[in-house]
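Read-outs throughout are calculated quantities, based only on the coordinates presented, and are distinct from any laboratory measurement. What you are looking at is a predicted structure, and each value in this text was computed from that prediction instead of being measured. Note that we place each Cβ from the backbone using ideal geometry, even for glycine, and neighbour counts take in every protein chain shown.
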Amino acid sequence: MPVSMNAAFQFRTPMVAIVCAVALLGPASQGGAQPVEERYRDAANWLSYDRDNTGRRYSELDQIHRGNVSRLVPKWMFQYSPQQRRSEATPLVRDGVMYLTAGGMRAFALDPVTGRSIWRFDYPYAHGEERQTPNSSRGFGLSGNRLYLATPDCHLVALDSRNGAMLWRSAVTADQPCFGSTGAPVVVKNRVLVGIRGGDTGRVRGFLDAFNAETGKREWRFYTVPAPGEPGSETWPDNDSWKAGGGTPWTSGTYDPELDLLYWPTGNPGPKDFDGRDREGDNLYTATLLALRPDDGELVWHFQYTPHDEHDWDANQTPVLVDATWNGTGRKLLVHPNRNSFLYVLDRETGAFLRATEFAKQTWLDRFTPEGRPIRRPGAAPSASGSLTCPDIHGGTNWQSPSFHPGTGLFYVMSRDACGVYFRTGASIDHLETGAQNFLRAIDLASGRIRWEIPLRGIENREVMFAGAMSTAGGLVFFGSRDGNFMAADAETGEMLWHFNTGGTIRASPVTYEANGRQYVAITTKSGVFAFGLYEEK
Amino acid sequence: MLPNSLYSIRTTAVLVAWGAFLGAGGSICAADAAAQGNPLARDESAVQAGDGLFHERCAVCHGQRAQGGMASNLVQTRTVRRGSEDALFRLIRTGIPGTEMPPQDDLPDERIWQIVSYLRSMALPGQQPPLPGDVVAGEALFRSAGCASCHIVNGSGGFLGPPLDSIAIQKSSEEIRKDVLQPSASLAHGFETIAVETMDGRMVAGVLKNEDTFLLVVQTPDGQVRTLLRSEVRSAEMSAKSRMPEDFATRLSQRQLTDLLAFLDRQRDPFTPVVRGFAVY
């Protein structure tokens, strides 16, 4: 499959790089030391949502590589249930066992070589408790013999990884309506971190909770919308909008052990997504990246990508930690492909804005200030009669995982060129009319420019996409698409090398692991998980 | 081919969930208000109020005119078209557990009824009074004028166009009239035509039944299904035109057109599955 920059149906977009600093990435980005915690260094395992604490979704495994990926065949499939409508989960793999959530109601341990189940867990809902998106659990957190699951009824549950027994169950929210918790919990320093969803309901004030990993006792809570009088409250008007201010941290964060900082993105403001007239101001800390101390939730710095967001663009994409040489100096970077169509590079020690480049079609931004504050173009805000603006409500990318390959220096983003008409009451989308198109794009972190792109073709790939990417030391990038194709491309050149039709829509990001000395690649689909390995003649 | 602009059901999951939910409707805690039927009925002000409320709360997922987006196309949904209004009321109030559909339990009854009134008004085509005309003559014309060579009605007809047994539920009489007289104005998803030239010079023309990053699936007029790898395709051109004749306005007398539209207007079979274009489920 040739890589095309001019494919039919492609939405041609002038890609204007907005460079606020001319950056040169040096050797540190070419496979040098990265800030990976020791417990994640065994390449055979996949121990957290994005494999390790950096969010790179990159694996050192190289048994499957450019030269043999064409021999990749399905080794097994595990089907959760015929009732499953979709799954967004990333399975974890440790020492010969795979742990998989199938919605927030059910979980399994599987043999990662054969796909046979080891145990099954069914979440015991109380009558009337069942609420909201049980199929949107994005996976477990894992530490020692404990698995952590966020549930649709807003609880954090600890399971014994050896038999699936429930050890404890703690309420994540008790003082406001529950709209579920869908992100994979993150374990940092014997604390389990979990956020909530529901920012679009106009009834929630977002927060991130930290629970003791052993006892399940809550140790701290950080509200992403400050109460009157608290720092940041000056960015809200003198009314009650803050009580339903949204900013929900509904995905997973990342962690730098050297700086001892937790990085967590937040969602869009409320109470109304597209009508900000009753919440004049920047609406901190919505659509923001938070740098928090994991011990007590202290806010060390923050960077708000989209102040006063009126497009539901939030910021719930993976903050990826990369150590690299930047303008000749070793620097701790945070790279964030934002739903507002810009790839941001921040200094993760200070939160300083280094650069933002356009990676998907956008029409809303005029320019950035040197501090990274966006200056909007006139007419981009939602209006009573509708404003045509790019990206559409689903954004230039969304919650699906990006991947950074330290060998190629490329950042892989499942991205999307699409526009929508924004009314104050909501967003209207006609993707045939606006010529929407999904892509896998490889962005050179040194320049911020798109090195290559693969358009995902067919009418199905004009619609919103939640399939993610993963790269490996085998020189490959694996990715999925809405129409159910699971694919592998050359991580350096973008040449398409392999694909397989899973037969069900993919709304998850790939993983890879090693078991019995063989590398596998796995992806969750609508109703099951597929594991692939190299064909072997008996 | 009769176009079908209401193609945009992508998320059948919610549809299925609706069906399952309503199937188990007896076990759902019914609000007392829902046992009374819609007190607002088709009151125009209620429809307008419901329109505003729908845009405020529902359009983000269900589209500006309830024709689908992230969530299902409500105009085509049986629950909205033909289910009881009480059930619709309960569903809006309770939400659909296990899906993204949240409860609207903070709204007073009257506001929920307004949404019900709005949705029913959007799905009204199936409730319109029958069009005048000679239905028997219209069916004869449907068969003799070539419509049946592409469209199945009452168990017989061709396969290249969408079946029409429930067309008058899916569309208003005005839309059907426009589809007959201006068939290329909007094309039915899943029935678009394509002309493909392969690298070795073969021409393949037919209906595009599926496509992805790697292949095209084309059904040719003889009924054969051909899978063509994009890597072996020199060019592929979607037709902006329907395969339907464009001259019914001049070919048919006013009387014949009236009879044909009357026949089509009777195609309100509630048990005919809605045939959609390809999608991944």
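Once the C-beta distance of B:SER239 and B:LYS178 is scaled by a Förster radius of 25 Å, the resulting FRET efficiency is 0.85 to the nearest 0.05.
Each stretch of four or more DSSP H residues adds -39500 (n - 2.57); spread over every residue of chain A, this sum gives 0 deg cm²/dmol at 222 nm.
Take every pair of alpha-carbon atoms less than 8 Å apart whose residues are at least six positions apart; their mean separation over the length of chain A yields a relative contact order of 17 percent. If R0 equals 51 Å, the separation of the Cβ atoms of A:LYS189 and A:LEU388 corresponds to a calculated FRET efficiency of about 0.60. If R0 equals 22 Å, the separation of the Cβ atoms of A:ASP347 and A:GLU37 corresponds to a calculated FRET efficiency of about 0.60.
Please work out the C-alpha center-to-center distance from segment B:230-271 to segment A:441-456 and express it in whole Å. First find each Cα centre; the distance between them is then 44 Å. Under a model in which nothing but the beta-carbon of Lys, Arg (+1) and Asp, Glu (-1) is charged, the protein assembly as shown shows a dipole of about 1280 debye around its Cα centre.
One Cα centroid belongs to segment B:167-196, the other to segment A:364-405; the line between them spans 36 Å.
Counted by neighbouring Cβ atoms within 10 Å, the residues A:HIS431, A:HIS405, A:HIS302 run from fewest to most as A:HIS302, A:HIS431, A:HIS405. In terms of packing, defined here as the mean over residues of other Cβ atoms within 10 angstrom, the peptides B:210-221, A:192-203 line up highest first as A:192-203, B:210-221. Note on segment B:193-238: Cα-Cα pairs beyond 17 Å make up 17% of the total pair count. In straight-distance terms, cross-link reach from A:LYS526 covers every one of the lysines whose alpha-carbon lies under 26 Å from its own, apart from those fewer than eight places away in the same chain; here that gives A:LYS75, B:LYS209. Can you grab the distance from the C-alpha centre of segment A:205-283 to the C-alpha centre of segment A:50-118, Å, no decimals? So the separation of the two Cα centres works out to 32 Å. Computed extension length for A:ASP295-A:LEU259: 11.7 nm, one decimal, from 0.36 nm per residue of separation with the Cα-Cα distance subtracted. Determine which residues of segment A:293-317 fall in the zone a paramagnetic label at A:THR369 would reach in this model, i.e. backbone nitrogen under 17 Å from the point 7 Å along Cα→Cβ. Answer for segment A:293-317: A:302-309.
Calculated translational diffusion coefficient of the protein assembly as shown (20 °C, 1.002 mPa s; Stokes-Einstein with Kirkwood radius over alpha-carbon pairs) equals 77 µm²/s. Relative to the globular-protein estimate of 2.2 N^0.38 Å, the Cα radius of gyration of segment A:346-505 stands at 1.12. Over all orientations, segment A:472-520 has a Cα convex hull whose mean projected area works out to 3.8 square nanometres. Plainly put, segment A:197-309 has a radius of gyration that is 0.98 times its Kirkwood radius, both from alpha-carbon atoms, as the Rg/Rh ratio.
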